[in-house]
Amino acid sequence: MTDLNKLYQAILAGKLEEAVTATNEALAAGMEPQAIINDYMIKGMEEIGSRFEAGKAFVPNLLMSARAMKGCLDIIKPLLKGSKDSTIGTVVIGTVKGDLHDIGKNLVASMLEGCGFEVINLGVDIESGKFIEAALENNAQIICMSALLTTTMNYMKEVIAAIDQAGLKGKVKTMVGGAPLSEGFARSIGADGYSSNANAAVTLARQLIGLNS
Ligand code: B1M
């Protein structure tokens, strides 16, 4: 029986090698990749965030935890893929201008890929023009935006306005997500949908392109 508390603790302490070892052990023991992510890795990130908020952890701690989380996700990512042979739709995804958080966004991108979408991952700090350019270039049906800061989430409204101005309203759907967002916020900025986690993002993306969830 694998002690997954070791994984949680390693992410929390920002210990990359220990986190990677614990992830490999859990996979070798037959644990579901999604459960490893949701029940241990994300929990570790949530706890470091709470400590940061309480002044008990600092930016270097966040960076180390993020590095450990990324190392584990790199191992798990290929296992989230491969259930579909052909592409069911194309999604452009990025973290909006001013925001450098990308762990959750990359998780959403991996899940979408794993469920048969072609995903154009633009990275972080993305301006409206880049979202639109990539959507047009790749004939994307969906633009997916992520924000983790209350100061950057409002930029999503500007992206949606730019999409309308480019004449793409209705042709390219918009999905938003990230810890400070809510369904109400998404509605208030005119987004076509909001999802609170990577699994829900896949269901929503399928709905937006007219497939059953
Ligand atoms: Co930052 N940070 N950070 N940080 N950081 C938060 C977000 C914060 C809540 C911490 C806190 O105070 N408790 C706080 C924001 C407060 C606020 O805005 N109200 C904060 C702050 C303040 C900052 C800085 C300003 C700190 C500073 O410099 N003083 C700074 C800002 C930098 C910038 O962006 N311009 C900063 C920097 C950083 C690091 C670079 C050190 C690092 C990021 C590294 C990286 O991403 N490569 C970092 C980290 C790691 C965090 C916390 C601890 C963890 C975020 C994370 O990765 N979570 C975070 C605290 C927290 O969230 N508890 C915090 C795990 C991830 C799997 O979850 O990203 O929520 P999440 O994604 C989920 C869902 O939200 C959803 O699905 C994902 C998977 O289920 N989702 C989507 C996300 N995007 C989606 C898009 C979709 C759908 C669903 O599209 C449709």
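So between Ala28 and Ala162, what do we pick up on full extension, going 0.36 nm a residue minus the alpha carbon distance? Please report the intermediate quantities before stating the final value.
On the way: separation 134, 0.36 × 134 = 48.24 nm, distance 4.70 nm.
Residue separation times 0.36 nm, minus the Cα-Cα distance, leaves 43.5 nm.
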Discussion item. Stokes-Einstein diffusion coefficient for segment 77-143 at 4 °C in a medium of 1.567 mPa s, Rh from the Kirkwood formula over Cα pairs: what value in µm²/s?
Written reply: 107 µm²/s
Practice prompt. Could you please state how large a percent of the accessible area of the chain is carbon and sulfur, counting protein chains only and using a 1.4 Å probe?
Written response: 50 percent
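For a distance above 17 Å, tell me the whole-number percent of Cα pairs in segment 7-120 that qualify. Can you show the working numbers first?
On the way: 3677 of 6441 pairs.
Looking at segment 7-120, the distances longer than 17 Å represent 57 percent of pairs.
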Practice prompt. Would you give the gap between the C-alpha center of segment 187-212 and the C-alpha center of segment 121-175, rounded to a whole Å?
Written response: 14 Å
Item to complete: Run the quick spin-label model on Glu17 and Thr150: label points 7 Å from Cα toward the beta carbon, then report their separation in nm to one decimal.
Response: 4.1 nm
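As a test of the formula, what do you get for the chain when each DSSP H run with n ≥ 4 contributes -39,500 (n - 2.57) and the sum is divided by the residue count, at 222 nm and rounded to the nearest 500 deg cm²/dmol?
On the way: 10 runs with 106 residues, N = 213.
The per-residue figure over the chain is -15000 deg cm²/dmol.
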Worksheet entry | Surface per residue (accessible, 1.4 Å probe) for segment 151-213, Å² | 50 Å²
Worksheet item: Reachable lysines from Lys70, Cα under 23 Å, same-chain residues fewer than 8 places away excluded?
Response: Lys6, Lys15, Lys43, Lys56, Lys81, Lys97, Lys105
Worksheet, complete the sentence: Note: Asn5 to Ala35 extended length (0.36 nm per residue) minus current alpha-carbon separation gives 9.5 nm
Worksheet, complete the sentence: Whole-Hz Karplus couplings 3J(HN,Hα) for segment 90-104, θ = phi - 60° and coefficients 6.51, -1.76, 1.60, Gly and Pro as x, run 10, 10, 9, 10, x, 8, 6, 2, x, 10, 10, 6, 9, 5, x
Worksheet item: Could you give the dipole magnitude of the chain about its Cα centre, charging the beta-carbon of Lys and Arg +1 and that of Asp and Glu -1, in debye to the nearest 20?
Response: 240 debye
Worksheet item: Relative contact order for the chain using alpha-carbon pairs under 8 Å, separation at least 6, rounded to a whole percent?
Response: 16 percent
Worksheet item: Amide H to amide H under 5 Å from Tyr194: which residues, 5+ apart in sequence or cross-chain, H placed 1.01 Å off N in plane?
Response: Val176
Worksheet item: Using θ = phi - 60° and the Karplus form 6.51 cos²θ - 1.76 cosθ + 1.60, what ³J(HN,Hα) does each residue of segment 113-126 get, whole Hz, x for Gly and Pro?
Response: 4, x, 9, x, 7, 7, 10, 9, 9, 7, x, 10, 6, 9
Response to the item:
Taking Cα pairs closer than 8 Å and at least 6 residues apart, the relative contact order of segment 116-213 in percent is 23 percent
Item to complete: Starting from the Cα of Leu63, step 7 Å along the direction of its Cβ; do the same at Glu137; then give the gap between the two resulting points in nm.
Response: 2.9 nm
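Based on the Cα gyration tensor of the chain, what are the three equivalent ellipsoid semi-axes, each the root of five times an eigenvalue, rounded to whole Å and given largest first? Let's see the in-between values first.
On the way: eigenvalues 184, 86, 34 Å².
The equivalent ellipsoid of the chain has semi-axes of 30, 21, 13 Å.
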Discussion item. Could you put Arg187, Arg67 in order of accessible surface area, largest first, with the 1.4 Å probe and the full protein assembly present?
Written reply: Arg187, Arg67
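Could you sort the peptides 177-185, 162-170, 190-198 by per-residue average Cβ neighbour count (10 Å cutoff), highest mean leading? Show your work: numbers first, answer last.
On the way: 177-185: 16.8, 162-170: 14.2, 190-198: 18.7.
Ranking, from highest mean packing down: 190-198, 177-185, 162-170.
The values are calculated or read from the model by the stated rules, or taken from the named source; none is laboratory data. From a predicted model like this one, the values you see are computed outputs, not experimental measurements. Don't worry about glycine lacking a Cβ; one is built from the backbone with ideal geometry, like all the others, and counts go over all protein chains shown. Side chains included, ligands, DNA and RNA excluded: accessible areas come from the protein's heavy atoms. Shrake-Rupley method; radii C 1.70, N 1.55, O 1.52, S 1.80 Å.
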